[in-house]
1. Can you tell me which residue within region 56-88, out of those that are in contact (Cβ under 8 Å) with a residue 60 or more places away in the chain and either in the same structural domain as residue 247 (by TED's automatic domain parsing) or part of a loop (DSSP other than H, G, I, E, B) (or both), is surrounded by the most Cβ atoms within 10 Å (Cβ to Cβ)?
2. Residue 58 - would you say it is within 16 Å of the ligand (Cβ to nearest atom) and more than 22 Å from residue 332 (Cβ to Cβ)?
3. So for region 3-21 (the condition being touching a helix residue (DSSP H, G or I) at 6+ places or on another chain (Cβ under 6 Å), touching a residue at least 40 places away in the same chain (Cβ under 8 Å) and under 14 Å from residue 75 (Cβ atoms)), does at least one residue qualify?
4. If you take the residues of region 236-279 that are over 25 Å from the mean Cα position of the chain (by Cα) and exposed (fewer than 14 other Cβ atoms within 10 Å of the Cβ), which of them is nearest to the ligand (Cβ to nearest atom)?
5. I want to confirm something. Restricting to region 296-335 and keeping residues that are more than 21 Å from residue 74 (Cβ to Cβ), part of a helix (DSSP H, G or I) and more than 16 Å from the chain's Cα centre (by Cα), which single residue is nearest to the ligand (Cβ to nearest atom)?
6. Go through (1) within 12 Å of the ligand (Cβ to nearest atom); (2) in a loop (DSSP other than H, G, I, E, B); (3) in contact (Cβ under 8 Å) with a residue 60 or more places away in the chain; (4) more than 19 Å from residue 330 (Cβ to Cβ) one by one and return the number of the condition residue 138 breaks.
7. What about residue 289, is it in contact (Cβ under 8 Å) with a residue 24 or more places away in the chain, closer than 30 Å to residue 239 by Cα, more than 13 Å from the ligand (Cβ to nearest atom) and buried (at least 19 other Cβ atoms within 10 Å of the Cβ)?
8. Evaluate region 32-39: report whether one residue or more is assigned by TED's automatic domain parsing to the domain that holds residue 321, surrounded by fewer than 21 Cβ atoms within 10 Å (Cβ to Cβ), in contact with a strand residue (DSSP E or B) (Cβ under 7 Å, 6 or more places away or on another chain) and more than 15 Å from residue 109 (Cα to Cα).
Ligand SMILES: NC(=O)c1ccc[n+]([C@@H]2O[C@H](COP(=O)([O-])OP(=O)(O)OC[C@H]3O[C@@H](n4cnc5c(N)ncnc54)[C@H](OP(=O)(O)O)[C@@H]3O)[C@@H](O)[C@H]2O)c1
């Protein structure tokens, strides 16, 4: 059996283009003692991938030149040299952008396909789902009766934030790009309103459109995008608001020019706080979040939406969709 890999060829400036990657047909890797060979069935494409391509320290080290691109994935065990795993077991973990992954057995987690297909374990039941749950309830401390605003509300994390906040009795206003995404956010995910930020471009128009939907101010802002949208929402905070910094995708392709919100003193005026988080810090408690999400999927009160693309060699063209808004739901590649 042969492997197909996507390796980092050179560090990009701006949007990663095809020259960033080298795609190669290679011999299948051989598992060493304690390792497992996994056939990758689904690869998670995440906005954070852009940050991993930059040199320098972040919350995890960058991907090295020549290394297989880092990615979460889900698949089937083909061969195991770890007694915990048998051929045929279904697993997820850091499998990379490739068809066959050789990984330490201790780094894999079992997944149950009777609960959800491979791609959903990378979406609402995976890192995006955990991010939505812990960001909203632990960092944002969202409570019944409060107004929650979430950006990239049609996305993997944002779409679940909308649904969880509604389940817990909040008024929810999404922000997303385009009428089709806004319909998804209100009609499918159940938000009370959704602002199309492309139709209200610029700080003033965006603020005005949002203000009409949050008459009592914003208690929790779940921020996935940063930039001007963050600044607009920060001008509408309620007393003791919580601004959850989950991500800032608007700046991921131009890190050097990211600017903070000029109106940050609204935190002082409103006795509000702003807090960032990394979901991995909650790993020991993922079961709490999964219990609610599995239940919601089973009774139909939570909708999962994935955008599944095919072909490992399409990775260079599919990854940029995250930064142009071309994905509808959790972006997954089937190798
Ligand atoms: N803190 C953590 O531990 C953690 C963990 C996982 C993910 N995250 C963060 O969560 C956020 C969402 O990730 P995801 O996986 O759910 O991705 P996603 O929302 O499914 O996809 C990315 C979306 O971002 C929006 N976007 C791109 N450029 C934008 C811009 N300039 N302005 C406004 N919106 C823009 C696009 O939607 P529109 O079409 O609506 O513009 C795009 O579809 C990211 O910031 C990611 O880094 C954080």
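1. 69
2. It is true that residue 58 is within 16 Å of the ligand (Cβ to nearest atom) and more than 22 Å from residue 332 (Cβ to Cβ).
3. Yes: region 3-21 contains one or more residues that are touching a helix residue (DSSP H, G or I) at 6+ places or on another chain (Cβ under 6 Å), touching a residue at least 40 places away in the same chain (Cβ under 8 Å) and under 14 Å from residue 75 (Cβ atoms).
4. Taking the candidates together, the pick is 262.
5. Across region 296-335, the extreme among qualifying residues is 317.
6. The number of the failed condition is (2).
7. Against the criterion (in contact (Cβ under 8 Å) with a residue 24 or more places away in the chain, closer than 30 Å to residue 239 by Cα, more than 13 Å from the ligand (Cβ to nearest atom) and buried (at least 19 other Cβ atoms within 10 Å of the Cβ)), residue 289 does not qualify.
8. No: zero hits.
The values are calculated or read from the model by the stated rules, or taken from the named source; none is laboratory data. None of these values were measured; they are calculated from a predicted model. Using ideal geometry, Cβ is built from the backbone for each residue, glycine included, and neighbour counts are taken over all protein chains shown.
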